[in-house]
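All remarks here apply to the structure that follows.
The values are calculated or read from the model by the stated rules, or taken from the named source; none is laboratory data. All values reported here derive from a predicted model rather than from experimental measurement. Here the Cβ positions follow ideal geometry from the backbone for every residue, glycine too, while neighbour counts run over all protein chains shown.
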Amino acid sequence: MVLEATMICIDNSEWMRNGDYAPSRFQAQADAVNLICGAKTQSNPENTVGVLTMAGKGVRVLVTPTSDLGKILACMHGLEIGGEMNLAAGIQVAQLALKHRQNKKQQQRIIVFAGSPVMHDKKALEVIGKKLKKNSVALDIVNFGEDDEGKTEKLEALLAAVNNNDTSHIVHVPAGPNALSDVLISTPIFTGDGEGGSGFAASAAAAAAGGVSGFEFGVDPNLDPELALALRVSMEEERARQEAAAKKAAEEASEQDATMTEHASEGPSGADNKKNEIPDDDNTLLQQALAMSVDEPASTQDLQDTEMSDAAAEDPDLALALQLSVQESTKDSSSEADMSKLLADQSFVSSILASLPGVDPNDPSVKEMLASMQNQSESQQKQDEDKAPEKKEEKEEKEEK
Amino acid sequence: MDVIKTQQISSRPIEKVIVHPLVLLSIVDNYNRDAKDTRKRVAKDTRKRVVGVLLGTSFKGTVDVTNSYAVPFEEDEKDSSIWFLDHNYHESMFSMFKRINAKEHVVGWYSTGPKLRENDLDIHRLFHNYVPNPIMVIIDVQPKELGIPTKAYYDVEEFKENGTQKSQKFFVHVPSEIAAHEVEEIRMPFDEI
């Protein structure tokens, strides 16, 4: 519950049009700013927050430090994107604004959103940093957006110059599915305020994000930490499994790496929620998959794809197997015959099955299935050899086209 | 924020500025309070200056400045593009002044100069948000020569002839005088200020 006067420096330069942070960098920034304002004013009623923009026609103070949250949120409306960010000027004007705060007892803090390349050189930034330190102003830097040569270094240097007893922080937010504001919640920028601030921030984020999309596992860590933890752990396990399977697949069919990882990434999103159901469905699905691959491969690829994508969504390893089978089938049929041989090879199949979580190779039902598959493949091989010359002709025609 | 809608819709060019003695007094008082004893290490003739808002009325090209107040203003002594003027303070202050005299509107701003500075155009632009045609008055608080201590300006936009460059703003001087209503005529010896 620190009594603080904060100036937030917003980057509204041309670089903020980019959409790598959903929905756009500028919008993500605006959301983060709203969140910070809320958190600050909540943690201590006497806190004041001000906002200024660094780009556009020049550094412009939108609202001087005030505790009126409505005013702050209102001034964020109708901001235009354009120009280049002037980091040094922005920080200096913010410092001047803090100098004129009404309550001299408030601690001074500047929060900078640095989304575009930094034009100034390291020396200049360090000088500014020292001046801030002299005036006991703390500085928080949010490094997001553009990452050009030296930007991170410069910002780190600036932070080092300002930092006094670890009151200043820097946060690097890479582009990704997580919203900027969500990432910031867990950083010292928020938690530095104390428990009150972070509690508000988390609940506000839940309200704003509709409660589901805002959090990685659809569960608010604050509301149900154990469940969130359990989900996170299972996610980690899943990832580890995928990596192991991916490595194995890479050894066998190295040229298919690109497509496989694509499928693997599709898997986790659905995999979490269906974790419990996987062991039950595994056997039946696996059966389906193997039957499909051994069966007529020239049959409509589309049908296979839709079936596969359904199955793939449920089990990444299954996806790998399916992918393998599909890939193999599109190649010339000679290798296709090899594939079915491979599948028929019990040891290979059992090793795949062993890597799956819910499937026990010694399980009688699995053994049965393997045996049946073996028989199937043997009869199929003869068929395939007959079909092989036909297929080759088809392939050649296709290639010519 | 009070945007003047009733008056000054017709952007009649400003021909004369009348400054009332009360304004001079309050500006000098402001200067004595805030900036008189500061000494700058960098430039000899530039001292910390005071900036504030001018209130008054405008009628047929004549601007009548009747009241004023100072606002928190800060600028970086080395880099003139770094400046801060607390416009929230101004807005709250103006809303209070409006209560005592509804006729008084924001007409511009003042600076104790003593000369024009580089960031004056930028500050002037800020005042365009509050009044369509603001004036800028420089009050010389320590005049060396005889004459009235005020210099008034307003800004015009000039377009370069080749049309390719962005238009620039310039300050244009406008004649000013010190005048007062009968009730205001308290003698103010200028040489004592």
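Residue-level check: of (1) under 28 Å from A:Glu14 (Cβ atoms); (2) at pLDDT 90 or above, A:Lys130 misses just (1).
Checked against (1) within 14 Å of chain A (Cβ to nearest Cβ); (2) crowded, with 19+ Cβ neighbours inside 10 Å, B:His128 meets all criteria but (2). May I ask you to list the residues in segment A:131-188 that are of a type in the set (A, V, I, L, M, F, W, C), surrounded by fewer than 22 Cβ atoms within 10 Å (Cβ to Cβ) and within 17 Å of the chain's Cα centre (by Cα)? Of everything in segment A:131-188, those that are of a type in the set (A, V, I, L, M, F, W, C), surrounded by fewer than 22 Cβ atoms within 10 Å (Cβ to Cβ) and within 17 Å of the chain's Cα centre (by Cα) turn out to be A:Val171, A:Ala175, A:Val183. Please enumerate the residues belonging to segment A:44-81 that are part of a loop (DSSP other than H, G, I, E, B), closer than 25 Å to A:Val2 by Cα and within 13 Å of another protein chain (Cβ to nearest Cβ). Matches in segment A:44-81: A:Ser67, A:Asp68. Taking the criterion of being within 11 Å of chain B (Cβ to nearest Cβ) and touching a Gly at 6+ places or on another chain (Cβ under 8 Å), the residues of segment A:82-93 that qualify are A:Asn86, A:Ala89.
B:Ser58 meets the stated requirement of being crowded, with 18+ Cβ neighbours inside 10 Å, over 14 Å from the mean Cα position of the chain (by Cα), away from chain A (no Cβ under 14 Å) and modelled with pLDDT of 85 or more.
For segment A:100-116: of the residues being within 14 Å of chain B (Cβ to nearest Cβ) and within 19 Å of A:Ile10 (Cα to Cα), which is surrounded by the most Cβ atoms within 10 Å (Cβ to Cβ)? Here the answer is A:Ile110.
Tallying residues that are of a type outside the set (D, E, K, R) and within 22 Å of A:Ala89 (Cα to Cα) within segment A:38-78 yields 20.
Of all residues in segment B:66-84, those that are outside any loop (DSSP other than H, G, I, E, B), more than 8 Å from every other protein chain (Cβ to nearest Cβ) and not hydroxyl-bearing (Ser, Thr, Tyr) total 3. Among the residues of segment B:85-122 satisfying the criterion of being over 22 Å from B:Asn133 (Cα atoms) and hydrophobic (A, V, I, L, M, F, W, C), which is farthest from the other protein chains (Cβ to nearest Cβ)? Per the criteria, the residue is B:Ile100. Scanning segment A:83-96 for residues that are small (Gly, Ala, Ser), surrounded by 22 or more Cβ atoms within 10 Å (Cβ to Cβ) and touching a Ser or Thr at 6+ places or on another chain (Cβ under 6 Å) yields a total of 0. Does A:Ser13 fit the bill of being in contact with an Asp or Glu (Cβ under 7 Å, 6 or more places away or on another chain) and over 25 Å from A:Ser136 (Cα atoms)? Yes; evaluated as a whole, the condition is true for this residue.
With respect to being out of contact with any Phe, Trp or Tyr (no Cβ under 9 Å at 6 or more places or on another chain) and either crowded, with 18+ Cβ neighbours inside 10 Å or more than 14 Å from every other protein chain (Cβ to nearest Cβ) (or both), A:Lys123 fits the description. Do we find a residue being among the hydroxyl-bearing types (Ser, Thr, Tyr) and at pLDDT below 90 anywhere in segment A:37-50? Yes, segment A:37-50 contains a residue that is among the hydroxyl-bearing types (Ser, Thr, Tyr) and at pLDDT below 90.
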